[in-house]
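First comes the structure, then the notes that go with it.
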Amino acid sequence: MSVVVMEATPARTLVDPAFFERLSLRVAQSHGLDQERAEAVTDQAIAYLATCAQKPEDAPPLFMSRAVDPAWHAFLEYTREYDTFFALHGWPKVNHNPCDGFGGKIYPPAADVLPLTVAAIEPAGFRVAPELWEEGADCGDTCGDDGGGGNPLPTCEHSN
C-alpha cells in the first residue's frame, strides 16, 4: 500500500500568471515593498481568500494579518478579476466589510486568531509564509473576520 503525499501549492496558481504579476507589482509600488516580498504577500492574500471561500459554515472566523491585508485591498481594486476569481472556481465571493472602529467593535488579539487562520490555510492545500501571519489583526489597522458561520462581529466582517 502506498501513501499519497499532497504537497502544498502556491496560491498564485489560482489566478492568471500575468494578472498575478500585475497585482503584485501594484502591491509593491503602493506599499514600498520589494518585488519578492510583494509576491509573497499577494500569494498569501489569495490563499486566505480561497480558504475563506471554501470554509465550512460552522468553522470559526478567519482573520487577515496586517502584512497580507494590502494585497487583498489591491485585489479588490480589480473588480472584474476579483469576481472572476471566485466564479471560475465555483466559490462564493468573499465580500469586504471592514470594521471602521466605530461602535466599540474590536478584534481578538492576533496571537489568538492568526494561528487559526494559518491552521485553516495549510489543510486547504496552500503554502503558508508564517512570517507574514505574525502581525496583528484588529479594527484599527487591518481587516479580519470573514463573517462566515456565526460571525461574532456583525458590523466588522468579510462575508460570503
In the list 47, 8, 74, which residue meets the criterion of being under 18 Å from residue 119 (Cβ atoms), in contact with a Lys or Arg (Cβ under 9 Å, 6 or more places away or on another chain) and at pLDDT 95 or above?
47
Within segment 23-58, residues being free of Cβ contacts under 8 Å to residues at least 40 places away in the same chain, assigned to a helix (DSSP H, G or I), more than 20 Å from residue 95 (Cβ to Cβ) and not small (Gly, Ala, Ser) number 7
Can you tell me which condition residue 148 does not meet? The list is (1) modelled with pLDDT of 50 or more; (2) crowded, with 18+ Cβ neighbours inside 10 Å, and all the others hold.
(1)
Show the residue pairs that are 6+ apart or on different chains and have beta-carbon atoms under 8 Å apart, the first residue being within segment 119-146 and farther than 11 Å from residue 10 by Cα and acidic (Asp, Glu), the second being in a helix (DSSP H, G or I) and modelled with pLDDT of 90 or more.
146/52
Residue 49 crowded, with 17+ Cβ neighbours inside 10 Å and among the aliphatic types (A, V, I, L, M)
yes
For segment 103-138, how many residues meet the condition of being in a loop (DSSP other than H, G, I, E, B), of a type in the set (Gly, Ala, Ser) and either touching a strand residue (DSSP E or B) at 6+ places or on another chain (Cβ under 8 Å) or at pLDDT below 75 (or both)?
3
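The values are calculated or read from the model by the stated rules, or taken from the named source; none is laboratory data. As the structure is a prediction and not an experimental result, all values here were calculated from the model. When we count neighbours, we look across all protein chains shown, and the Cβ atoms used for this are built from the backbone with ideal geometry, even at glycine.
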